[in-house]
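Here's the structure, in structure tokens; my notes come after.
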Amino acid sequence: DKDTTHRSPMNPTVKKRIDLQVSLQQLKTQKGTTANFLTREDNSRDLLGKFHKDRSVWIRARRRVLQCLSYQFPCALQLKQWGILKDLKCRLCEKYYRERNIPEPPDSVESVGHIQCYCPALQLPRIAIHHGIWRELMFSIRKSSTELNDASETRWHFPSALSPEAHAEWGLYKILEYMGLHEILPPGMGKNRAKLRKDIEEYHIAYAIDFDDSIIDTFIARRPDGLAFDTEKKLCVLLEYTRAMDTVEDWAERKEQEKNERYGPLLGFINHLSHREKSGWKASQTNFTTGVRGSLHTNQFLTRLESLGVKNANTREAIRNITVQKTLS
């Protein structure tokens with residue numbers, strides 16, 4: 001009827017939901033790298049939309065995330081593909097090595113992954129970002145860990161989680177002292193170091209592991225990002241956080257293996273010393289890993305939070321949300 005105006009009975013919310021479902025169906029037909037990234041399961045993709053819609057986030061941060069997701073970030077690798085640059089070398093690395101007169105520097109390709117995770121010129125801001133995300137996450141775990149032990153007291157203790165702005169990294173001396181496996185002697189004559197070195201040497205000999213002075217020095221210098229203790233059941237958990245590049249599908253599994261290999265010998269030594277002293281303590285490791293572009297294995301992350309006493313499901317979800325947002329920001 002020419003004189004009749006027809007209006008849709010659907011409100012804007014319903015329309016948005018329909019548009020979302022249409023977009024999801026269309027995404028399944030795409031086969032590019034961006035579509036492959038967005039359709040990975042169990043990677044917290046639901047939080048990317050929330051981040052993009054959050055107007056409290058700086059517009060340049062949201063734009064950068066979209067550029068990284070769509071492989072449009074103007075790094076040398078992308079600019080060469082567009083015909084704007086002829087060289088792939090990282091310009092920041094060249095300047096960094098030139099200022100330090102380092103001969104024959106490595107030829108690093110300037111990609112998003114290199115800029116975010118490896119470029120030596122950006123090491124300090126990269127460490128600051130890592131610490132900022134980890135402090136927030138660790139303090140949230142400490143504040144939300146409400147599980148009680150048999151004595152109706154808080155089960156887990158996080159001595160290295162000081163506040164959202166500060167954390168302490170305990171070395172091997174302090175970890176063993178907390179567990180009653182190493183006595184901190186008065187200053188002087190290097191007795192602490194000598195006794196610990198002797199224990200480490202004995203551990204390597206007992207398991208036929210090759211070692212030298214540099215290996216022992218590295219052993220003593222290891223400092224996990226955080227610690228959790230259950231004094232009643234005598235459990236010590238080394239906590240590690242990593243912000244990694246999430247280009248390949250098994251990015252998190254690779255980083256998990258790398259972290260486990262890094263701290264495996266330290267755990268072996270602590271458990272060996274505990275067994276020798278008949279203390280009953282057992283040490284293990286829990287890793288938290290987020291991707292630069294907002295990836296996070298949802299089920300694994302939530303399960304690990306629960307294992308550290310965060311029993312409220314809504315709280316675990318809130319921690320997941322803020323962790324991904326901090327990573328993207």
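The values are calculated or read from the model by the stated rules, or taken from the named source; none is laboratory data. Because the structure is a prediction, the values reported are computed rather than measured. With ideal geometry, Cβ positions are generated from the backbone for all residues, glycine too; neighbour counts draw on all protein chains shown. To get the accessible areas, we keep the full protein, side chains included, count just its heavy atoms, and leave off ligands, DNA and RNA. Shrake-Rupley method; radii C 1.70, N 1.55, O 1.52, S 1.80 Å.
Worth pointing out:
- Extension gain, residue 60 to residue 149, is 27.4 nm, computed as 0.36 nm per intervening residue step minus the present C-alpha separation.
- Sequence-distant residues sharing a close amide H with residue 108 (under 5 Å, placed H): 90
- Calculated P(r) of region 248-329 - Cα pairs past 21 Å, %: 45
- Between 0 and 90°, nearest 10: helix 191-206 axis offset from the chain longest Cα axis: 80
- Rolling a 1.4 Å probe over the protein heavy atoms of region 186-266, with every protein chain left in place, gives an accessible area that is 52 percent carbon and sulfur.
- Cysteines without a disulfide-compatible neighbour (Cβ-Cβ under 4.7 Å), the chain: 68, 75, 117, 119, 236
- Bins of 10 Å from zero: percent of alpha-carbon pairs in region 180-329: 9, 32, 31, 19, 9, 0
- Built amide H within the under 5 Å cut-off of residue 234, gap 5+: none
- All aspartates and glutamates inside 17 Å of residue 311 as judged from Cα atoms, apart from same-chain residues fewer than 8 positions distant: 147, 150, 153, 230
- Cα-based Rg of the chain normalised by 2.2 N^0.38 Å, two decimals: 1.24
- Cut-off under 5 Å, modelled amide H: who pairs with residue 285 long-range: 238
- Of the residues 200, 205, the one with the largest accessible area comes first in the ranking 205, 200, computed with a 1.4 Å probe on protein heavy atoms.
- The string of couplings for region 267-283 from the Karplus curve (6.51, -1.76, 1.60, θ = phi - 60°) is 4, x, 5, 4, 5, 5, 5, 5, 5, 5, 8, 6, 8, x, 6, 10, 10 Hz, one whole number per residue in order, with x for Gly and Pro.
- Angle between the chain longest axis and helix 59-69 axis [Cα atoms, degrees, rounded to 10]: 90
- Of the beta bridges in the chain, as assigned by DSSP with both residues counted there, near 50 percent are antiparallel.
- One Cα centroid belongs to region 269-291, the other to region 295-328; the line between them spans 23 Å.
- Exposure of residue 177 as accessible area (Å², to 10), given a probe of 1.4 Å and all protein chains: 90
- Base-10 log of normalised Debye intensity for region 76-167 (one unit scatterer per alpha-carbon) at q = 0.17, 0.26 Å⁻¹: -0.80, -1.20
- Partner aspartates and glutamates for residue 259 [C-alpha distance under 17 Å; skip if fewer than 8 residues away on the same chain]: 169, 225, 240, 246, 250
- Relative to the dominant Cα principal axis of the chain, helix 123-144 is inclined by about 80°.
- Normalising the average separation of contacting C-alpha pairs (under 8 angstrom, six or more residues apart) by the number of residues puts the relative contact order of the chain at 19 percent.
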